[in-house]
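Contents: one structure, followed by commentary.
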Amino acid sequence: MAFPLGEHLPRLARHHYQGHAVVHWEGTVAERATGWLDAAFHARFRELLLHAAAREALLCPVYCLMPDHFHLVWTGLSRASDQRNGMKFLREFVNVELAAAWSRTSRPAGGASVNAVAANVISWPSGAGKSATPSHGLTSAATGGVVAAARVAADVSRWQSAPGEGQASGHGLTSAATRPWRMQKQPFDRVIRPEERRRGVFQANCDYIRLNPERAGFVARDQEWPFAGWVVPGYPDLHPARAESWELFWCVYREAREAEPPALGNPGLSDGKGAPWLT
């Protein structure tokens, strides 16, 4: 989401992002720049999500890295959780990683080499569809996977061939080639309403986020985008595409909420107004 320079996206009162709040966050790279998304960036992004989870007592039931932005959902596990602090931390270190990605990427005039970017894109091992167990030991597109290197190269060509350097045109985007990549100055957020916290509705909304690349045409319906998943500390091999992973997520969430001592003082405010349990 773009907005005029000098202006800020509107925010709810801070307590809506604290305690047991559930929030969908979207972060966009400045000028909708592309070319930074590769296996190394993805691995580091997951690590940063894990640190944010530890700092602010959060679970991330879904995230999805797109060529020029990312989506994630956080659920607070403690009355001390503060997602605005968590997002400030995440953005600070994502900017460090974007600068590192800029430095390690060979970028001839006009943008990154199609072959260089295609070689960095990773996919599930051959034959792993939505019903298969995904592996976080991901393989290069050059060694075979559900996302063919030729298709990736064609997609990268399409992203780079959009009109206007750095101009937004849906997902057909080019990368500004004159300065290092950096996050847009403010993320977009949507606080999840109580009626959206019911188990089936909540999982459907997370699936909608996870399937963004499919709707954009980056992968076929029976394929998994390699830059999506979730971060639930202690369970690195789980994935929101698997039903059994969701059963474990609900157990982890319930145990964390039940382990918290009763609230003192004003429980409605300290829990985050409008932030009941996911049910």
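The values are calculated or read from the model by the stated rules, or taken from the named source; none is laboratory data. Computed from a predicted model, the values in this text were never measured in an experiment. Note that we place each Cβ from the backbone using ideal geometry, even for glycine, and neighbour counts take in every protein chain shown. All accessible areas refer to the heavy atoms of the entire protein, side chains included, with ligands and DNA or RNA removed. Shrake-Rupley method; radii C 1.70, N 1.55, O 1.52, S 1.80 Å.
Mind checking which residues of the range 248-266 are among the small types (G, A, S) and surrounded by 15 or more Cβ atoms within 10 Å (Cβ to Cβ)?
Across the range 248-266, the qualifying residue is only A256.
Please go through the range 231-247 and give me each residue that is within 13 Å of R199 (Cα to Cα) and open to solvent by less than 80 Å² (accessible area, probe 1.4 Å), ordered by number.
Within the range 231-247, A243, W246 meet the criteria.
Hey, among R190, R257, R199, R215, which residue is of a type in the set (K, R), farther than 20 Å from L77 by Cα and out of contact with any helix residue (DSSP H, G or I) (no Cβ under 6 Å at 6 or more places or on another chain)?
It is R215.
Of all residues in the range 189-220 being open to solvent by 30 Å² or more (accessible area, probe 1.4 Å) and of a type in the set (D, E), which is farthest from D38 (Cα to Cα)?
Ranking the qualifying residues of the range 189-220, first place goes to E195.
Of everything in the range 14-33, what is polar (S, T, N, Q) and open to solvent by less than 10 Å² (accessible area, probe 1.4 Å)? Give them in sequence order.
Correct list: T28 only.
Which one of these does H239 not meet: (1) modelled with pLDDT under 90; (2) farther than 20 Å from E26 by Cβ?
Condition (1) is where H239 drops out.
When the range 68-102 is examined, which residues are found to be open to solvent by 20 Å² or more (accessible area, probe 1.4 Å) and polar (S, T, N, Q)?
S78, N85, N95
Only one residue in Q186, Q223 is outside any helix (DSSP H, G or I), open to solvent by less than 50 Å² (accessible area, probe 1.4 Å) and at pLDDT below 90. Which one?
Answer to the check: Q223.
Quick one: would you say G35 is part of a loop (DSSP other than H, G, I, E, B) and under 18 Å from the mean Cα position of the chain (by Cα)?
So G35 passes the test.
If I filter the range 1-18 for residues that are touching a His at 6+ places or on another chain (Cβ under 7 Å) and of a type outside the set (A, V, I, L, M, F, W, C), do I get at least one hit?
Within the range 1-18, none of the residues are touching a His at 6+ places or on another chain (Cβ under 7 Å) and of a type outside the set (A, V, I, L, M, F, W, C).
Answer yes or no: is there a residue in the range 55-63 that is assigned to a helix (DSSP H, G or I) and touching a residue at least 60 places away in the same chain (Cβ under 8 Å).
no
So which residues in the range 156-181 are in contact with a strand residue (DSSP E or B) (Cβ under 8 Å, 6 or more places away or on another chain) and either modelled with pLDDT of 95 or more or open to solvent by less than 60 Å² (accessible area, probe 1.4 Å) (or both)?
W159, A162, W181, listed by residue number.
Filter the range 230-260 down to the residues that are outside any loop (DSSP other than H, G, I, E, B), closer than 19 Å to I209 by Cα and touching a residue at least 12 places away in the same chain (Cβ under 8 Å) and list them by number.
W230, V231, S245, W246, F249, W250
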